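The next block holds one structure in the form of structure tokens; read it before the comments.
The values are calculated or read from the model by the stated rules, or taken from the named source; none is laboratory data. Keep in mind that this is a model prediction, so the values were computed, not measured. Glycine gets a Cβ as well: all are built from the backbone with ideal geometry, and neighbour counts include every protein chain shown. Calculation scope for accessible area: heavy atoms of the full protein, side chains included, ligands and nucleic acids excluded. Shrake-Rupley method; radii C 1.70, N 1.55, O 1.52, S 1.80 Å.
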Amino acid sequence: MDPFALLGVSPDATPEELTRAYRRLAKEWHPDRLATSESAWRMAQINAAYDAARAQTERGPGATGEPAVRRRRARMAGAWLAPSTRRAMGAELLRALQEGEPVRLVATAATWASPQARLVVTDRRLLWLLEDAVSDRVRSLRLRDVVALESRLTWPRRRTATVRLRDALGRRL
């Protein structure tokens, strides 16, 4: 099937001409206007032809492969981080990061509010995700607001640690 012939335009038609031809045919053959089985079949052909013609127009005449006009992809959250770091953080913490914010540490943790939390330390902030909370799951604290920090390894294996922070407002975390 030649999509340009079905739409009634020449192969060197502009995108605007393609759109005009598509709208003209859609007004004529749309199933809401003509309640016949042929109109539904014809509208499906028109839609397919329009999509194919637009794709060929974007590639350029006689071109194959990638389209000449590339659509800009949305940048993936945390694209500047290593894939293993992105996986360890999860989608919610990645969305909470600022563009280009480097991640120094990702660890599992427990807080007084949630026994299951994920902790992220960047060069600017401390972020944590309360995994068992229903809403307001991501919290953060700027490092410049930390007034006091106390840490100690727990017995017997010294594989876990307790970290206590106090912020500028006097809150203990």
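The table that follows gives values for the structure above.
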| read-out | value |
| --- | --- |
| Where the chain is the region considered: accessible area per residue in Å², 1.4 Å probe | 72 |
| Charge dipole (debye, nearest 20) of the chain; +1 at Cβ of Lys and Arg, -1 at Cβ of Asp and Glu | 1340 |
| Rel. contact order, % - alpha carbon contacts under 8 angstrom, at least six apart, the chain | 10 |
| Tilt relative to the chain, helix 15-29 - C-alpha long axis, 0 to 90 degrees, to 10 | 70 |
| Nearest 10 degrees, 0 to 90: helix 37-59 Cα axis against the chain principal axis | 70 |
| Simple spin-label estimate for E28 and A48 in nanometres, 7 Å along Cα-Cβ | 1.9 |
| Normalised convex hull volume, the stretch 1-54, alpha-carbon set, Å³ per residue | 61 |
| Pair R142, A113: separation of 7 Å Cα→Cβ label points (nm) | 1.9 |
| Computed label-point distance, nm, for sites T85 and E58 using a 7 Å Cα→Cβ extension | 3.3 |
| Share of alpha-carbon pairs per 10 Å distance bin for the chain, given as whole % | 8, 23, 17, 9, 13, 15, 10, 4, 0 |
| Cα centroid separation, the stretch 25-48 to the stretch 134-173 (Å) | 64 |
| Residues whose placed amide H lies under 5 Å from that of T122, excluding near-sequence neighbours | R104, L127 |
